[in-house]
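J.: Handing you this structure, nothing more for now.
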Amino acid sequence: MAKDLTLYVKEGCPYCGKVRDYMEKNEIEIPLKFIKKAEEARRELAEKGGKKQVPALLVDERVIYESDVIIEWMKSNL
């Protein structure tokens, strides 16, 4: 299992909401970083993943983009 998980999201983003709804329904807890509220989180995401697109799931040092891909990763790994 991955040791370090972080989900980068933005308030009001429907795709972020989709991932968060899935997490809530399946009782998955992953630390959230809101890129709109924290410049540091936005910069960190751009450095690690190469872009500021959300939702983005940081798995150890790899960034996974796209809500459906993130949900599939969660189904298979959590």
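J.: Test each condition in (1) surrounded by 11 or more Cβ atoms within 10 Å (Cβ to Cβ); (2) modelled with pLDDT of 95 or more; (3) over 11 Å from the mean Cα position of the chain (by Cα) for R42 and report the one that comes out false.
T.: (2)
J.: Just checking, which of K51, K18 is in a helix (DSSP H, G or I) and touching a residue at least 12 places away in the same chain (Cβ under 8 Å)?
T.: On inspection, the qualifying residue turns out to be K18.
J.: Output yes when any residue across segment 48-55 is surrounded by 14 or more Cβ atoms within 10 Å (Cβ to Cβ) and of a type in the set (G, A, S), and no when none is.
T.: The initial filter retains those residues of segment 48-55 that are surrounded by 14 or more Cβ atoms within 10 Å (Cβ to Cβ), namely 48-49, 52-55.
If we keep only those that are of a type in the set (G, A, S) too, we end up with 49.
Yes: one or more hits.
J.: Now a separate question. Tell me, yes or no, whether segment 69-76 has at least one residue that is assigned to a loop (DSSP other than H, G, I, E, B), free of Cβ contacts under 8 Å to residues at least 24 places away in the same chain and within 12 Å of the chain's Cα centre (by Cα).
T.: Of the residues in segment 69-76, the ones assigned to a loop (DSSP other than H, G, I, E, B) are none.
So far as segment 69-76 goes, no, none of its residues is assigned to a loop (DSSP other than H, G, I, E, B), free of Cβ contacts under 8 Å to residues at least 24 places away in the same chain and within 12 Å of the chain's Cα centre (by Cα).
The values are calculated or read from the model by the stated rules, or taken from the named source; none is laboratory data. Computed from a predicted model, the values in this text were never measured in an experiment. Note that we place each Cβ from the backbone using ideal geometry, even for glycine, and neighbour counts take in every protein chain shown.
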